[in-house]
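Chemist: Encoded as structure tokens, here's the structure I'll be asking about.
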Amino acid sequence: MSEKPRVAFFDFASCEGCQLQVVNLEEALLDVLALVDIVSFREAMKEHSDDYDIAIIEGSITRPIDVERIKKIREQASILITIGACAHLGGVQRLGNQWTPEENKAEVYERHPGSEITKGDDNPFFAQPRHRAVSEVVKVDATIPGCPIDSQEFAKVLIALLTGKKLPIPDYPVCVECKKNENICVFELGGFCMGPVARAGCGAPCPTHGGECEACRGYVDHPHTQAHAEVLKKYGLSPDEIMTKRTMYNYRDHEDKEEGSQ
């Protein structure tokens, strides 16, 4: 019997793109497989086992049945790792939390009155949908951020966990990577960017290719002290102003502020 840790992948509310990034590891996958046995991975294999040591989770927790399922997974797993913005932050779908379940159902499904899915509130599909990050329901041992994750970072984090090394997740803003790429600042081009408070590690692909950073990797741990001071000062901005400007991936922070003000 193999003595290597057994790994199982699980998906909740998500597009499953982060799991596809793991499949895209190619040669680096050999380094991972040298350390673990993958016993369940729906995107890549037919076999499934409920006997695992490490659980890797993609997707936000949405329904009561999801809460029950993630708690059972947590009980079985010695290590639980979340991958991607949905599991880490609640995902883009978390934006729906600002409306009631009834409002969301009406907006999406009443356009198709002939669909049976619009009927029956006892359907578990409709049961109290409210998107949450995995860490809001169970203890998480490590997180690999991003939308989608970086496959090489996934391999490095998993290897670090298994070998007792420090997790290679940066805690400095995306502005640092933009400077390394010699990008013209998005603010200089008349746009708005989350780079001064967003966690780096992605290589700043969005600003590099003409876009704006939406902070899909979340914020640095202490954006008030670690944000790029020169950028903020030059454009008359504060970390708070940047953090509340865009909520595509970080609506969780907006919710926390609203609850704190009540």
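Chemist: So if I check each of Thr208, Thr225, which one is of a type in the set (S, T, N, Q), at pLDDT 90 or above and more than 23 Å from His131 (Cβ to Cβ)?
Modeler: Matching residue, one of Thr208, Thr225: Thr208.
Chemist: Tally up the residues in segment 182-198 that are without any contact (Cβ under 8 Å) to a residue 24 or more places away in the chain and of a type in the set (A, V, I, L, M), please.
Modeler: 2
Chemist: Still on this model: Regarding segment 146-159, can at least one residue be identified that is basic (Lys, Arg), modelled with pLDDT of 90 or more and closer than 20 Å to Tyr251 by Cα?
Modeler: No, segment 146-159 has no match at all.
Chemist: Still on this model: Restricting attention to segment 92-108, does a residue exist that is part of a helix (DSSP H, G or I), within 14 Å of the chain's Cα centre (by Cα) and among the charged types (D, E, K, R)?
Modeler: Within segment 92-108, one or more residues are part of a helix (DSSP H, G or I), within 14 Å of the chain's Cα centre (by Cα) and among the charged types (D, E, K, R).
Chemist: Which one is surrounded by the fewest Cβ atoms within 10 Å (Cβ to Cβ) among residues in segment 48-63 that are among the hydroxyl-bearing types (Ser, Thr, Tyr) and modelled with pLDDT of 95 or more?
Modeler: Among residues in segment 48-63 that are among the hydroxyl-bearing types (Ser, Thr, Tyr) and modelled with pLDDT of 95 or more, the one surrounded by the fewest Cβ atoms within 10 Å (Cβ to Cβ) is Tyr52.
Chemist: Please count how many residues of segment 206-235 are β-branched (Val, Ile, Thr) and either touching a strand residue (DSSP E or B) at 6+ places or on another chain (Cβ under 7 Å) or crowded, with 20+ Cβ neighbours inside 10 Å (or both).
Modeler: The number of residues fulfilling the criteria is 2.
Chemist: What number of residues in segment 27-43 are touching a residue at least 40 places away in the same chain (Cβ under 8 Å) and either of a type outside the set (A, V, I, L, M) or not assigned by TED's automatic domain parsing to the domain that holds Arg130 (or both)?
Modeler: 1
Chemist: Still on this model: Take the residues in segment 8-55 that are part of a strand (DSSP E or B) and in contact with a Leu (Cβ under 8 Å, 6 or more places away or on another chain), then tell me which one is nearest to Pro145 (Cα to Cα).
Modeler: By that ranking, first place goes to Ala55.
Chemist: Any residue at all in segment 191-202 that's out of contact with any Phe, Trp or Tyr (no Cβ under 8 Å at 6 or more places or on another chain), more than 17 Å from Lys234 (Cα to Cα) and not hydroxyl-bearing (Ser, Thr, Tyr)?
Modeler: Yes - at least one qualifying residue is present in segment 191-202.
The values are calculated or read from the model by the stated rules, or taken from the named source; none is laboratory data. Please read these numbers as outputs of a predicted model, since none were measured by experiment. Every residue, glycine among them, receives a Cβ derived from its backbone with ideal geometry; neighbour counts consider all protein chains shown.
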